[in-house]
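Have a look at the structure below before the remarks.
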């Protein structure tokens, strides 16, 4: 039986905080040899989605409760003139008070104009048709004509007509129809006016009509005329009153345009836009868009502050109907850099999203630098007014992050910082706010992007620098009911916790243990979420003794582990498991339940490293019963990792010789179960079973079991395994057996003495702990013999004397080729453990 001193040494060596001082190579090797060991397991595998969607096939969102991944998008989806925010300013009432029509008795006091000849309805229709034709020609035809055509008799007549039209507003409304009929009675002749001269009157802002005060009676009399004005845009009448600008801001850009800028537009930009309207070849269109972007960039015409922006956008919007992803990306890049807003921003984000769904377009996305524009949206636009645009923008970025070649580019462009800033904005939204639900859709895309980014070391450094772990924990806390968000955050933590520095940072976030347990209790049947949280807890408890304490002290932590253990054991036994939708599904092999059990048992094994927690778990009947159930139902050939992890956990719990230990109470039954593992061909499983026997063989009942079931012969046979750790564990069992004099003779069977000497020769110079165990075992064996009766045969005695003499020579024994840590480690164990025992054994053999 091990002394309390040895136990203390194990405890102090193993429980030293790994965060205080960096471990040496010697300490790492020593921990691997200790009786208590942490377990490792593979990180849960996330299958790659076959199709790029906003929400994958495993999403908990129903189709009616999530934005669509597929939609129709064409030129008509865009607004020609971007809508302005609704003004909250109340207008003052008009001073004008309409006068009542005079009666017949007051004709002298209120003279009435002479009655006019009624205008024929056919004439009214002609006027209306003429106006509609005029406006249609100006606004709905070709956007960029070389010249604007107006139907007039001559240039002189055109000038006269314009003057006459301008006079209309000065006359009373009774003359309006007649005057308009006369002045717009055009002939079939056309005159070409230069585009530069007429653009501001036909295609510019002057097309917005100026409203004048019209009496109710006039409105009724001109009803047919008003109908036509509603159907098509009306140009402002060119007179003194109507020529005044509506406000200063509307014309400030035009007023500030310099002659140089106007010339640049006419020479550099306008011809390209004209070419785009006439071209029908996709390749040529793409080339023209590239040239257009360069021209706008060189002329400092990107953004909102240049006069012809709306005209440029109209041309680009029309090209959206061309079914070409390369062209669509070119258009999107220009449109985004022209800083559109509102519905147009949403549609262009949808356009990029739609194109990025196809992996074949990733190269185009990289070449066109569309990522810069998308990241700029997230960094500069307002989340509250562009929520849906942010969603599709984030969706496109998520797709881009799925390409390993583009990840480095994303990090270099500051994507990590931008995403974390957006996450903080979302975390500030009140849960009662109407935007809270839609922000969850954005978080799904955002966290999925971060999940891809954490694969890069530089991303992980930035995440730690920017305080991502507390922010992600807050996301978990606020969106506990959103399974998609929680699963993505769990995937991020799952990756981060696999790296020492990130795992230490996560362990320092004390609230994470409460959050993880809350999620396990809230979503116990969502396997992909549960398995990742359990994996994270396994990583935390493997490397930090404080993490073990903090997790174990959370109220209900042990009960949660037991409930999950029981549920997944039952599900695995039945071959079926309830999914998070409340439906039974048949499990495959290896099953999802097995995966959870593997990682859950690892958490228990790692927690048991802590002396107080380990002793508590060893006395918990439910945990021990569930571990035994696994050994009863599973074989190492079918479920290797599950059986090995279970055996290692039992080994850790068997270390604690405490009152009420359920392991000690059921030790004989456990030993029986371990026999089938010893008989297997799995060396890792055999090693774990031997380690359990090494702890349990401190009890006489187990030693008797080993003798009765001939297990000792198996231990002797394993000395030939040429496996250092197997030999160490087997020799430990033999050492415990030879404590009793009646059992020492077993080493004479199966060539035990010779095999021990061979192990000393093979492993002594590189493992002085194993050499010490072998010498102790041989010493116990030699105690059964007197001086008159030699304990070793001559050949074995000579070999052993030569080895001990050589190994006790410090210069010969210690290999100076090791690095400093290993050299110190070897020297320490050579001096403290091997040398005292070997000297006594050498003297005994010599005498």
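The values are calculated or read from the model by the stated rules, or taken from the named source; none is laboratory data. Note that this is a predicted model, so its numbers are computed, not measured. Heads up, the Cβs are rebuilt from the backbone with ideal geometry, glycines too, and the neighbour counts pull from every protein chain shown.
Key figures for this structure:
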{"item": "Hits in region 407-417 - residues which are touching a residue at least 12 places away in the same chain (Cβ under 8 Å) and over 18 Å from residue 470 (Cβ atoms)", "result": "407, 408, 409, 410, 411, 413, 414, 415"}
{"item": "Residue in region 813-826 that is assigned by TED's automatic domain parsing to the domain that holds residue 731, within 21 Å of residue 713 (Cβ to Cβ) and either in contact with a helix residue (DSSP H, G or I) (Cβ under 9 Å, 6 or more places away or on another chain) or at pLDDT below 90 (or both) present", "result": "no"}
{"item": "Number of positions in region 829-847 that are within 58 Å of the chain's Cα centre (by Cα) and surrounded by 14 or more Cβ atoms within 10 Å (Cβ to Cβ)", "result": "6"}
{"item": "Residue that is surrounded by the most Cβ atoms within 10 Å (Cβ to Cβ), among those in region 600-619 that are within 35 Å of the chain's Cα centre (by Cα) and outside any helix (DSSP H, G or I)", "result": "608"}
{"item": "Filter result for the condition that a residue is more than 24 Å from residue 572 (Cα to Cα) and touching a helix residue (DSSP H, G or I) at 6+ places or on another chain (Cβ under 6 Å), over 608, 681, 616", "result": "608"}
{"item": "Check on residue 695, assigned to a helix (DSSP H, G or I) and without any contact (Cβ under 8 Å) to a residue 24 or more places away in the chain", "result": "no"}
{"item": "Residue tally, condition more than 30 Å from residue 322 (Cβ to Cβ), surrounded by fewer than 15 Cβ atoms within 10 Å (Cβ to Cβ) and in contact with a helix residue (DSSP H, G or I) (Cβ under 8 Å, 6 or more places away or on another chain), over region 61-75", "result": "0"}
{"item": "Out of 806, 787, sole residue that is farther than 30 Å from residue 685 by Cα and at pLDDT below 85", "result": "787"}
{"item": "Answer from 764, 751 - the residue that is surrounded by fewer than 17 Cβ atoms within 10 Å (Cβ to Cβ) and within 60 Å of the chain's Cα centre (by Cα)", "result": "751"}
{"item": "Single match in 320, 340, 269 (criterion: crowded, with 19+ Cβ neighbours inside 10 Å, modelled with pLDDT of 90 or more and more than 38 Å from the chain's Cα centre (by Cα))", "result": "269"}
{"item": "Unmet requirement for residue 404, which otherwise passes all of (1) within 20 Å of residue 488 (Cα to Cα); (2) at pLDDT below 95; (3) crowded, with 18+ Cβ neighbours inside 10 Å", "result": "(3)"}
{"item": "Complete set of residues in region 503-542 that are in a helix (DSSP H, G or I), closer than 19 Å to residue 594 by Cβ and out of contact with any strand residue (DSSP E or B) (no Cβ under 8 Å at 6 or more places or on another chain)", "result": "520, 528, 529, 530, 531, 532, 533, 534, 535, 536, 537, 538"}
{"item": "Pick from region 469-495, criterion touching a helix residue (DSSP H, G or I) at 6+ places or on another chain (Cβ under 6 Å) and farther than 23 Å from residue 524 by Cα, ranking: surrounded by the most Cβ atoms within 10 Å (Cβ to Cβ)", "result": "469"}
{"item": "Single residue of region 291-315 satisfying the filter (within 34 Å of the chain's Cα centre (by Cα) and either at positive phi or surrounded by 14 or more Cβ atoms within 10 Å (Cβ to Cβ) (or both)) that is modelled with the highest pLDDT", "result": "293"}
{"item": "Residue check, residue 281 out of contact with any helix residue (DSSP H, G or I) (no Cβ under 6 Å at 6 or more places or on another chain) and over 30 Å from residue 259 (Cβ atoms)", "result": "yes"}
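The rows are residues; the columns are (1) at pLDDT 95 or above; (2) within 13 Å of the chain's Cα centre (by Cα); (3) buried (at least 23 other Cβ atoms within 10 Å of the Cβ); (4) farther than 30 Å from residue 649 by Cα.
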site	(1), (2), (3), (4)
450	yes, yes, yes, yes
455	no, yes, no, yes
458	no, no, no, yes
464	no, no, no, yes
511	no, no, no, no
517	yes, no, no, no
524	no, no, no, no
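Table: residues versus (1) touching a residue at least 40 places away in the same chain (Cβ under 8 Å); (2) within 21 Å of residue 347 (Cβ to Cβ); (3) surrounded by 19 or more Cβ atoms within 10 Å (Cβ to Cβ).
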residue: 378; (1), (2), (3): yes, yes, yes
residue: 389; (1), (2), (3): yes, yes, yes
residue: 396; (1), (2), (3): yes, yes, yes
residue: 423; (1), (2), (3): yes, no, yes
residue: 427; (1), (2), (3): yes, no, no
residue: 432; (1), (2), (3): no, no, no
residue: 441; (1), (2), (3): yes, yes, yes
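Matching residues to (1) farther than 25 Å from residue 771 by Cβ; (2) in contact with a helix residue (DSSP H, G or I) (Cβ under 6 Å, 6 or more places away or on another chain); (3) part of a helix (DSSP H, G or I):
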{"residue": "659", "(1), (2), (3)": "yes, no, no"}
{"residue": "664", "(1), (2), (3)": "yes, no, yes"}
{"residue": "671", "(1), (2), (3)": "yes, yes, yes"}
{"residue": "676", "(1), (2), (3)": "yes, no, yes"}
{"residue": "716", "(1), (2), (3)": "no, yes, yes"}
